[in-house]
Amino acid sequence: MLSLLTLLRNKAIQAKSIILGISLLTSACVPDFLVSNPDWVVIEAGDHESLPKRKVGILFSPGEVSATVTFDSSCIYDVGKVDEQDWNKVIGLGFVGSKNQDITVGTPPHQIDGARVGWRWNPQRGRIDLGAYVYVDAKRIDFKIAETALNTPTKLTIKIDYNKKMYQIMGGQPIPFTHNKTFAYKTGLYFGGNQPAPHQIRVKIVD
């Protein structure tokens, strides 16, 4: 009986910790109506994401996450050949649940079960690569799906099929997932890879 009570107490503590972690992830978000130019998200030089955060929030059983995104000339960058193929991220979501998530190790939920659209500047083609950037039970899957030109509004979509347990990103190859989670949060614009933004990066994101 004592061991059962201990187990239940530990589960409750873990659940509260996860909820607290998600609250911290989204609490610094600035709503669009408080921003003078709400569609543009800006990452300053030396940062990985906008501060405060933008375009994030809580989701319940989302079937789709989508936005129309425009990359301008600030998204041309040079981080060197070693990191040139690293994916930045633009829209996405992370799922939250007690299974396989222990926030005490410092891994955010979207790096355990989550799906995002990756983007990177392709200097050879002079365009923006777009791809899937997914974690399934903490294992990363990433691949290029499409590309877009600068200053061109592009619809990005992540579909979640709970019956088939599949993500589909921008109509690309479906990616199976293993979790039964339905509580999620939106992730925002992120630069990196391991390198921060080399200069100010601006992306227009219209939900």
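At-a-glance table
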item: Any hit, region 115-122, residues being surrounded by fewer than 17 Cβ atoms within 10 Å (Cβ to Cβ) and out of contact with any Ser or Thr (no Cβ under 6 Å at 6 or more places or on another chain); result: yes
item: The listed residue being open to solvent by 10 Å² or more (accessible area, probe 1.4 Å) and either in contact (Cβ under 8 Å) with a residue 40 or more places away in the chain or among the acidic types (Asp, Glu) (or both), out of Ile141, Ile43, Ile128, Ile58; result: Ile58
item: Matching residues, region 182-204, being of a type in the set (Ser, Thr, Tyr) and buried (at least 16 other Cβ atoms within 10 Å of the Cβ); result: Tyr185, Thr187, Tyr190
item: Strands (runs of 3 or more DSSP E) wholly inside region 119-172 that include at least 3 residues being of a type in the set (A, V, I, L, M) and under 22 Å from Leu59 (Cβ atoms); result: 127-136, 154-161
item: Among residues of region 121-173, those that are over 14 Å from the mean Cα position of the chain (by Cα) and within 23 Å of Ser74 (Cα to Cα), counted; result: 21
item: Residue, nearest to Ile112 (Cα to Cα), within region 144-181, restricted to residues that are among the basic types (Lys, Arg) and loosely packed, with under 15 Cβ neighbours inside 10 Å; result: Lys164
item: Region 76-91, subset in contact with a strand residue (DSSP E or B) (Cβ under 6 Å, 6 or more places away or on another chain) and not aliphatic (A, V, I, L, M), residue farthest from Gly131 (Cα to Cα); result: Tyr77
item: Selection within region 176-192 - more than 8 Å from the chain's Cα centre (by Cα) and not small (Gly, Ala, Ser); result: Pro176, Phe177, Thr178, His179, Asn180, Lys181, Thr182, Phe183, Tyr185, Phe191
item: Positions within region 75-100 being open to solvent by less than 10 Å² (accessible area, probe 1.4 Å) and touching a helix residue (DSSP H, G or I) at 6+ places or on another chain (Cβ under 6 Å), in sequence order; result: Gly94
item: Residue pairs meeting the criteria (Cβ under 7 Å; at least 6 apart or on separate chains; first of a type in the set (Lys, Arg), in region 81-107; second assigned to a loop (DSSP other than H, G, I, E, B) and surrounded by 15 or more Cβ atoms within 10 Å (Cβ to Cβ)); result: Lys99/His179
item: Subset of region 27-57 (residues that are among the hydrophobic types (A, V, I, L, M, F, W, C), closer than 21 Å to Thr157 by Cβ and modelled with pLDDT under 95); result: Val56
item: Residue match in region 158-172 (condition: among the polar types (S, T, N, Q) and over 20 Å from Lys186 (Cβ atoms)); result: yes
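The values are calculated or read from the model by the stated rules, or taken from the named source; none is laboratory data. The shown structure was predicted, so the numbers you read here are calculated from the model rather than taken from an experiment. All Cβ positions, glycine included, derive from the backbone under ideal geometry; neighbour counts span all protein chains shown. These accessible areas exclude ligands, DNA and RNA; they are computed on the full protein's heavy atoms, side chains included. Shrake-Rupley method; radii C 1.70, N 1.55, O 1.52, S 1.80 Å.
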